[in-house]
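Since every read-out is calculated from the coordinates, none of them should be taken as a lab result. Just so it is clear, the structure is predicted and the values come from calculations on it, not from any experiment. All Cβ positions, even for glycine, are placed from backbone atoms using ideal geometry, and neighbour counts span all protein chains on display.
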Amino acid sequence: MPLALLALAISAFGIGTTEFVMMGLLPNVADDLGTSVPTAGYLVSAYALGVVIGAPLLTALGSRIPRKRMLVWLMAVFTVGNLASALAPTFGLLVAGRLLAGLPHGAFFGVGAVVAARLVREGRQARAVATMFLGLTIANIIGVPAATLLGQQFGWRATFLIVAAIGLVAMAALARLVPPLPADERTGLARELRALGDRQVLLGLLTTVFGFAGIFAVYSYLASMMTEVTGFAEGTVPLVLALFGIGMTLGALAAGPLTDRALRPTLYGSLAALALVLTAFHFTAQVKWAALATVVVIGAVGFLTTTPLQMLVMNKAQQAPTLAAASNQSAFNLANAGGAWVGGLALAAGWGWTSPTLVGAVLAALGLAVALLAGLLDRGDRDPSRIVARSGETETEQATGATETEQAAGAAVPAGDRIG
């Protein structure tokens, strides 16, 4: 594994920690700044809004900047945002700090995914991208629980100071370990936007919104389900969330090799499995051991969708994959907000604490339907297995034998973006 992937994973660890830690610190922030917990919840929304805005904006503005320099600058903005959050004297300035910290999130993963794919030989790009995302999953096992405990013991400001320190370490690792990678001279804002308008890219983003919304319809209310339905004490909730993180890590480890082998089948299978396991959770939530096992599986199959979704939009926007990859992060955050909202509607309607599991299953099934539609349209748009060879006055056809995944491996990154 190239050491540059370690630098990307460290950065992802810091980003994942600051993204999810706020959920556990809301009561502390509310007490310290004299506001209510629901109002403090805007801090979660502010970060998500930063991701949605910053992903396309910063990616477009940095399209001509060398990739290594772009990654370092994005982590610098992330570090400043977390430092500003730690030092914010008022709730309004804390909201601004969270917004600033979220701005580079999507752009970093967009640029980072393309860089990761460029660091390895053909046929291993998905594994490289999954390695970067591994930092995000480990953050949910170690970073978020540790940062939450730190904030509870020493104050929430200490948490964001530590995250800012992680940002500095990530900047140093990126500067030291990532090789110089020029931006593609052919890539500009107009080219990126044209690639983003590709039908397959748009369908891929829509798959992300629906499919991942199914996860967050459940994850957003997982703590309440575990205490109100399963019967766990509040003190065990961090352990339950850590189990979810373990599942995410297992899914990330499996996603790379499976996506390199068969991209669309991996996507179809993970979305179908997600719909099934979310449906099962409606019933297993009643039994402690079954609920815990299901939480691990939800994390695994849920995160198994991320790498094929990221690689799909990169492959289909092969002439300008960075903006598409960054926009996919915006889609993930839209799924986060949308899933929580729809799950909340089910609870508000009085359908019971486990009703978000069925809502999530429906959303995952919708994501699968969009993915299947995209696959059918893609198959109709091309003749994937035949080459027409001209010889004098005659034409002969021969099968290439190349699978979609083999073609995608070469197409994941444009020729001008490859190393060597």
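For a quick check of your reading of the filter: which trypsin sites (Lys or Arg not before Pro) in the range 53-125 sit in a DSSP loop and have no more than 14 other Cβ atoms within 10 Å? Loop-located and lightly packed - R64, R121. Taking the C-alpha atoms only, the angle from helix 125-138 to the longest principal axis of the chain is near 0 degrees.
Relative contact order of the range 1-99: 29 percent, from C-alpha pairs under 8 Å at least 6 residues apart in sequence. Could you tell me which trypsin sites (Lys or Arg not before Pro) in the range 250-343 are loop residues by DSSP with no more than 10 other beta carbons within 10 angstrom of their beta carbon? Nothing satisfies the criteria. Here A262 and Q152 are evaluated by their C-beta separation; at R0 = 51 Å the FRET efficiency comes out at 0.70. Couplings 3J(HN,Hα) for the range 326-336, derived from phi with the Karplus relation 6.51 cos²θ - 1.76 cosθ + 1.60 (θ = phi - 60°), are 5, 5, 5, 5, 4, 5, 4, 6, 4, 5, 4 Hz, where x marks Gly and Pro.
Residue by residue, the range 94-103 carries 3J(HN,Hα) couplings of 5, 4, 5, x, 5, 4, 5, 5, x, 3 Hz when phi is fed to the Karplus relation 6.51 cos²θ - 1.76 cosθ + 1.60 (θ = phi - 60°); x denotes Gly or Pro.
Here the chain is assigned +1 on the Cβ of each Lys and Arg and -1 on the Cβ of each Asp and Glu. Its dipole about the Cα centre then comes out at about 700 debye. Note on the chain: GNM, Cα springs under 10 Å; of A172, A84, A117, the largest mean-square fluctuation is that of A172. The phi torsions of the range 16-25, fed into the Karplus equation with coefficients 6.51, -1.76 and 1.60 and a -60° offset, translate into couplings of x, 5, 6, 5, 9, 5, 4, 4, x, 9 Hz, rounded to whole numbers, with Gly and Pro shown as x. Taking the C-alpha atoms only, the angle from helix 263-284 to the longest principal axis of the chain is near 30 degrees.
Projected label points at E122 and E228, each 7 Å from Cα along the beta carbon direction, are separated by 5.4 nanometres. Of the chymotrypsin sites (Phe, Trp or Tyr not before Pro) found in the range 288-353, the ones in coil according to DSSP and having at most 15 other Cβ atoms within 10 Å of their Cβ are W351.
For Cα extents along the principal axes in Å, the value calculated from this model appears in (1) 57, 48, 35; (2) 82, 47, 34; (3) 65, 41, 31 under label (2).
Exposed loop positions in the chain were taken to be GluC sites (Glu not before Pro) whose DSSP state is not H, G, I, E or B and which have at most 13 other beta-carbon atoms within 10 angstrom. Between these positions, the longest stretch is 186-392.
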